[in-house]
1. Report the residue count in the stretch 678-699 for those that are part of a loop (DSSP other than H, G, I, E, B) and loosely packed, with under 12 Cβ neighbours inside 10 Å.
2. Output the number of residues of the stretch 336-363 satisfying the condition of being assigned to a helix (DSSP H, G or I), surrounded by fewer than 18 Cβ atoms within 10 Å (Cβ to Cβ) and touching a strand residue (DSSP E or B) at 6+ places or on another chain (Cβ under 8 Å).
3. May I ask you to list the residues in the stretch 731-766 that are part of a helix (DSSP H, G or I) and modelled with pLDDT under 85?
4. Which numbered condition trips up residue 648, out of (1) under 23 Å from residue 572 (Cα atoms); (2) assigned by TED's automatic domain parsing to the domain that holds residue 739?
5. Looking at 400, 367, 381, 372, can you tell me which residue is surrounded by fewer than 15 Cβ atoms within 10 Å (Cβ to Cβ), at pLDDT 90 or above and part of a helix (DSSP H, G or I)?
6. For the stretch 687-698, check the following and say yes or no: at least one residue is closer than 30 Å to residue 566 by Cβ and out of contact with any strand residue (DSSP E or B) (no Cβ under 9 Å at 6 or more places or on another chain).
7. For the stretch 480-488, state whether one or more residues are in contact (Cβ under 8 Å) with a residue 40 or more places away in the chain, closer than 30 Å to residue 210 by Cα, more than 29 Å from the chain's Cα centre (by Cα) and crowded, with 17+ Cβ neighbours inside 10 Å.
């Protein structure tokens, strides 16, 4: 090994000396004819020597010298390459124990190698004869052994008068081999980027070479195009922090709009935040919430993440996976460049068999530019890929995006495997790996650097990109769903008053059949029914106009339209329209719907099945259908809700008036019905005005009114402070058409309904008082 290094150093020294002596030769040729010397100089050379015309000019002599000098340098570089092979051979022999200790010169001191130029020539010639077998058509390279002789023999003898080269020795400080140093092999990758190494050196036609160049350009175009697209801001997913503003706008404008109530009276906010899959509006917000919950590992009603956040963890892993792919590419580029840089330079690239001996200066520059371009593309893809993966909020798309990024780096390998001409394909596959030495110091530094890079790859994306994004996701969910979801609002454009409605909440686990609203149940039952059969809950109309009229009709208008007391006329045996098909079509679906609205989904056929529901504030439709059972036709029942506004039909109220006409025009004594009516007063007000009535400053007055009515009966209506309904000019005797029927029906005397004074009878007084 040391012997070869000594030869190498001596050869380098010889090259410097030859360069100096060339100037001397140039001066000799310039000053005289130098014909015999040149003949002597070239006689021993086994190569053709250009001859000078008898009367050549000085310019021809100079050109001739330059040609010979260039040819000599080319031969010299080939010998340089052969010594590379010799060094590699000796190292292999040394590993096998075939080199003697004397050849290794292992004494570790400073040694002087008495290697003359002739020795160098013999070593080169021996390596030429024993190690290399050249093809027959490389006749030019077969003269390289003789070229050594030219250097060691003729050149030294010819110029020996000026400088004695035959006695040159080189002093070498022996290199103590570190046992921890290692030799590695750097293989040529099977990639489109390797085309510049072999194009023009292998037996490939012009078409194959041109096609390979086109593939290389296509590879460059595709990877740069991908890089540009990924770096484009429009390609990246939207910044999640921007969604915070959009979430605020959605929550205060759309989420609680009364127009977005569904059939179950559920607000849009409740539906979106509970993952309703039947949404046809605000689907973007629903998808965003679904992605946030899966990314952060949150339950539907949770707003604080646990320690385990699957999206963050998967993002870190995908970013690490992508970074490892790029680092692999960068490391292969670095090793290839280092190996290529160690190859000797020559006027032409030498590929001896499958071994790359040397590189021309032009090819070396081209390869260096290729490596720099690959590095720039890889680094750009690394940065843009990390940003892309970090901003991906869909946990299902993270792995797909990571795999897609890796495919971009493999474009060169895809082109090589699928389209490379076989002559170039096989040449690249057969290229022998290049050797590169790895010192122990380099290995330690490289290990520390790679550990630092891995640590930065893990921490920087997490701290700079993922952690802020996770916080932004939580803020988006809080803006979309935190707080009260179960209300809607609307504004009366005429009065400019804003009204709100408390909506239904979605039960945990979603609405099951038992939790369906009546209108949802109506649709569910009828969706597979025969269109010609009678609907269970639905009353069909014949036109769109009629549909809109019926849909928007008020309860008072609906009740006033029925001149019949339906229960008395149709459901009671002996009634005027008992079991009539036409009246039944108007009555039975209303009866079933009235029960369903109040939560009774049994098969209802008569009013007695739902009698216990009559006094509920929401039982408007039930009072209209079951006017007798709900005591709309009883003039002495509790007066709350016994009005058109709350469902008592005009027909049933007329029955009450007719019965009242047959009674005496006298105040009725207090009974349990009267007491119960005033016990229900405050709860009735709370239902109409809201529960805030209990915190009103009017509560003492209301309690005093209730106590007085329960104690004094009808006579209390004569007291001025208790004569009118609170906050109005309407008297109790007259009644409130939206809340309570006239108390004059029960207390005609206290309400001054007698006709003794001869004045006209008020409309709210019993007809019997006019007698």
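The values are calculated or read from the model by the stated rules, or taken from the named source; none is laboratory data. This is a predicted model, so every value here is computed, not measured. So basically every Cβ, Gly included, is an ideal-geometry build from the backbone, and we count neighbours across all protein chains shown.
1. Matching residues across the stretch 678-699 total 2.
2. Looking only at that region, the number is 3.
3. none
4. With respect to (1) under 23 Å from residue 572 (Cα atoms); (2) assigned by TED's automatic domain parsing to the domain that holds residue 739, residue 648 is out only on (2).
5. 372
6. yes
7. Within the stretch 480-488, not a single residue is in contact (Cβ under 8 Å) with a residue 40 or more places away in the chain, closer than 30 Å to residue 210 by Cα, more than 29 Å from the chain's Cα centre (by Cα) and crowded, with 17+ Cβ neighbours inside 10 Å.
For (1) farther than 16 Å from residue 419 by Cβ; (2) at pLDDT below 65; (3) touching a helix residue (DSSP H, G or I) at 6+ places or on another chain (Cβ under 7 Å), each residue gets a yes or a no:
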{"position": "167", "(1), (2), (3)": "yes, yes, no"}
{"position": "178", "(1), (2), (3)": "yes, yes, yes"}
{"position": "182", "(1), (2), (3)": "yes, no, no"}
{"position": "195", "(1), (2), (3)": "no, no, yes"}
{"position": "210", "(1), (2), (3)": "no, no, no"}
